[in-house]
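Down below is the structure, laid out as structure tokens.
The values are calculated or read from the model by the stated rules, or taken from the named source; none is laboratory data. None of the values given here were measured: they were computed from a predicted structure. A quick note on method: Cβ atoms are made from the backbone with ideal geometry, for glycine too, and the neighbour counts reach across all protein chains shown. Accessible surface areas use protein heavy atoms only, side chains included; no ligands, DNA or RNA. Shrake-Rupley method; radii C 1.70, N 1.55, O 1.52, S 1.80 Å.
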Amino acid sequence: MGVVNVTHDSFSDGGDNAGPVAAVEAALRLFAEGAALVDVGGESTRPGALPVPLDEELRRVVPVLEELAGMPMSVDTSKAEVARRALALGVVLVNDVSALRAEPDIAGVIADAGAYVCLMHMQGDPRTMQVEPRYEDVVGEVVGFLEERLAVAVAAGIPEDNVCLDPGIGFGKTDDQNLTLVRELGRICAIGRPVLVGLSRKSTLARVLGDPAGRVGSDAASVGAAVAAFDRGATLFRVHDVAAHVDALAVAAAIERGTSS
Ligand code: HH2
């Protein structure tokens, strides 16, 4: 899943694709690099980000989705109306970082469209989530949360087969909690749904490499983290540098199979 943020303030690519022409070009480049899906978002969820009003989010996202109609797209939104408009334009998956909590009506919108959904764990909200994340047992709590949100999705009419789950790297977690979640990813995979990870360029990677003030992890660090997540069962990867991830994960998968074809 390639990332296209149609925003001014995203943590690693804010402003790069803020206009529709640049965003469409970026999406086409990511498809050419091998993305199976491109995730279009109009609201940053980086720590400290402020919410974007509905009309502004629609103004950012809709022209890009219109231009890309017919290509495999997802929309990164927690708003029911943005999801409804995006699904009407052919989007196949709604990537809701609130896991259907911000606007519960979004579940019915996704169910009615027969679409896929990604349910992500987050403690708190983007404004405050990194202030003081607290867990007794981070993996157990994330697993419990994702099981509960999966049940909510199914009760709202979204087939279980249409749901993937995401531990929410960087969303209300310390560096050690992020690393533990990847190390223990098998426990999240054991829920029985495909697991998506978003490690790409997350600041934890910069701090692991000794940059305490780092806000953006390198693409090389992102690839290493994605391969580690793949080894533990992740099958979906939300990334900025698609080409590097496609090559690295193709080789990791060949090693897993023990054959080149
Ligand atoms: N991370 C970001 C945004 N959306 N969705 C899922 N499912 N998982 C993630 O880990 C995830 C996500 C944050 O990254 P980015 O889009 O690059 O930045 P911003 O939120 O600042 O636009």
Q: Please determine, by comparing only the residues of the range 9-47 that are more than 10 Å from the ligand (Cβ to nearest atom), in a loop (DSSP other than H, G, I, E, B) and not charged (D, E, K, R), which one is nearest to Ser203 (Cα to Cα).
A: Gly15
Q) How many residues does the range 14-24 contain that are surrounded by 22 or more Cβ atoms within 10 Å (Cβ to Cβ) and acidic (Asp, Glu)? A) 0
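On the given criteria, is Arg59 away from the ligand (no atom under 16 Å from the Cβ), buried (at least 18 other Cβ atoms within 10 Å of the Cβ) and over 24 Å from Pro167 (Cβ atoms)? Before you say what the answer is, go through the steps one by one.
Working: away from the ligand (no atom under 16 Å from the Cβ): yes; buried (at least 18 other Cβ atoms within 10 Å of the Cβ): no; over 24 Å from Pro167 (Cβ atoms): yes.
When the stated conditions are applied, Arg59 does not pass them.
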(Q) I'd like to check which helices (runs of 4 or more DSSP H) are fully inside the range 133-213 and have at least 2 residues that are hydroxyl-bearing (Ser, Thr, Tyr). (A) 203-208
Q) Checking Leu68 against (1) buried (at least 21 other Cβ atoms within 10 Å of the Cβ); (2) within 14 Å of the ligand (Cβ to nearest atom), which test does it fail? A) (2)
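Every residue in the range 122-140 that is exposed (fewer than 15 other Cβ atoms within 10 Å of the Cβ) and out of contact with any Gly (no Cβ under 7 Å at 6 or more places or on another chain), please. Even if it seems obvious, please write down each step before you answer.
Step one: filter the range 122-140 for residues exposed (fewer than 15 other Cβ atoms within 10 Å of the Cβ), giving 127-128, 131-132, 134, 136-137, 140.
Selection gives Thr128, Val131, Glu132, Arg134, Glu136, Asp137, Gly140.
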Q: Could you tell me whether the range 101-121 includes any residue that is surrounded by 19 or more Cβ atoms within 10 Å (Cβ to Cβ), modelled with pLDDT under 95 and within 12 Å of the ligand (Cβ to nearest atom)?
A: no
Q: Please specify each residue of the range 25-46 satisfying the condition of being more than 20 Å from Ala86 (Cβ to Cβ) and either touching a Ser or Thr at 6+ places or on another chain (Cβ under 6 Å) or open to solvent by 70 Å² or more (accessible area, probe 1.4 Å) (or both).
A: Arg29, Ala32
(Q) For the range 148-178, give me each residue that is under 21 Å from Met1 (Cα atoms) and open to solvent by 40 Å² or more (accessible area, probe 1.4 Å). (A) Glu160, Asp161
